Amino acid sequence: MKNDKHPNIEYSPEQYSEAEMLERSEQFYNWADERRSVRHFSDKKVSIEILKNIILTASTAPSGAHKQPWTFCLISNAKLKSTLRELAEQEEKKSYGGRMSDKWIEDLEPLGTSWQKEFIDVAPWIIVVMKRVYEFGENDKKINNYYVSESVGIASGFLLMAIQNAGLVALTHTPSPMNFIAKALNRPDNERPFLLIPVGYPAKSVKVPDLTRKTSDEIIEYYQ
Ligand code: IYR
């Protein structure tokens, strides 16, 4: 469609034969299937350039009206990490100690989670993904973004895959409620914490729960 105000540019994404597509999709699936959430990190440093590339990859995600309604807080400061840990543990103690239902606690049992969040201190980097619910216009007028949770959710998925691709591990931690994070990081009113993601190398001889994933028949309803 011709649009003089916003001219479009040529786009020719790479294409493959059917056989190549089958091979590539299978290989990518097998690689993605290797990803595991890790709860025990090494304190080995990771260079900031790697983290920047990972975050730039996340920011290639599609978003409502291309507003890219996200901010990634990239934290390595030890004092700030320890403050975040203390605050997260305060909230999680209340959650595990009664705010979560017995069924929920039982569902988490195989994952070995608890109110303790040592990984916030140990992992070399913490990424706090923030949703930008609105932007500030002239005279601080609020300008709403669109499909913010959908957009930031997709970007977070891209982020996790970029972390895996770099050869690092992560955990999607969801302290609840999360308002303490925005406060501790001194974020503006238009931003809301979405996920707290420690990133780094796994601890030596790390173990993960023996989980299986749903089969295609369990997750796909076919309409052919
Ligand atoms: N937010 C808590 C509890 C928790 C909830 C779910 I759903 C998980 O998959 C894992 C943990 C925490 O992060 O520990």
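Go through the stretch 89-121 and give me each residue that's within 11 Å of the ligand (Cβ to nearest atom) and on the phi > 0 side of the Ramachandran plot.
Within the stretch 89-121, Gly112 is the sole residue that qualifies.
Within the stretch 128-151, which residues are open to solvent by less than 40 Å² (accessible area, probe 1.4 Å) and assigned to a loop (DSSP other than H, G, I, E, B)?
The answer is Gly137, Asn145.
Considering only residues that are among the small types (Gly, Ala, Ser) and either loosely packed, with under 12 Cβ neighbours inside 10 Å or touching a residue at least 40 places away in the same chain (Cβ under 8 Å) (or both), which ones fall in the stretch 83-117?
Initially, the stretch 83-117 is screened for residues among the small types (Gly, Ala, Ser), giving 88, 95, 97-98, 101, 112, 114.
Correct list: Ala88, Ser95, Gly97, Gly98, Ser101, Gly112.
Can you tell me which residues in the stretch 163-174 are surrounded by 21 or more Cβ atoms within 10 Å (Cβ to Cβ) and under 13 Å from Leu51 (Cα atoms)?
Ile163, Leu168, Val169, Ala170
Confirm whether Pro188 is of a type outside the set (A, V, I, L, M) and touching a His at 6+ places or on another chain (Cβ under 8 Å). Working first, answer last.
Details: of a type outside the set (A, V, I, L, M): yes; touching a His at 6+ places or on another chain (Cβ under 8 Å): no.
No.
Select from the stretch 161-219 the residues that are modelled with pLDDT under 95 and among the polar types (S, T, N, Q) and list them in ascending order.
Thr174, Ser176, Asn179
For the stretch 175-203, how many residues meet the condition of being polar (S, T, N, Q) and more than 16 Å from the ligand (Cβ to nearest atom)? If you could, list the steps in order and put the result at the bottom.
Just the residues of the stretch 175-203 that are polar (S, T, N, Q), to begin with: 176, 179, 186, 190.
Still in the running and more than 16 Å from the ligand (Cβ to nearest atom): 186, 190.
Counting residues in the stretch 175-203 that are polar (S, T, N, Q) and more than 16 Å from the ligand (Cβ to nearest atom) gives 2.
When residues of the stretch 118-137 are filtered for being under 28 Å from Ile48 (Cβ atoms) and without any contact (Cβ under 8 Å) to a residue 24 or more places away in the chain, how many remain?
0
Are there any pairs with C-beta distances below 9 angstrom linking a residue in the stretch 148-163 that is at positive phi to a residue that is open to solvent by 30 Å² or more (accessible area, probe 1.4 Å) and acidic (Asp, Glu), with the two at least 6 apart or on different chains, and if so which?
Listed pairs, sorted by first residue: none to list.
Out of the stretch 17-74, which residues are open to solvent by 90 Å² or more (accessible area, probe 1.4 Å), closer than 14 Å to Ala155 by Cβ and in a helix (DSSP H, G or I)?
Within the stretch 17-74, Leu56, His66 meet the criteria.
The values are calculated or read from the model by the stated rules, or taken from the named source; none is laboratory data. Just so you know, these numbers come straight off a predicted model, no measurement behind them. For neighbour counting, all protein chains shown are included, and Cβ atoms are generated from backbone atoms with ideal geometry for every residue, glycine included. To get the accessible areas, we keep the full protein, side chains included, count just its heavy atoms, and leave off ligands, DNA and RNA. Shrake-Rupley method; radii C 1.70, N 1.55, O 1.52, S 1.80 Å.
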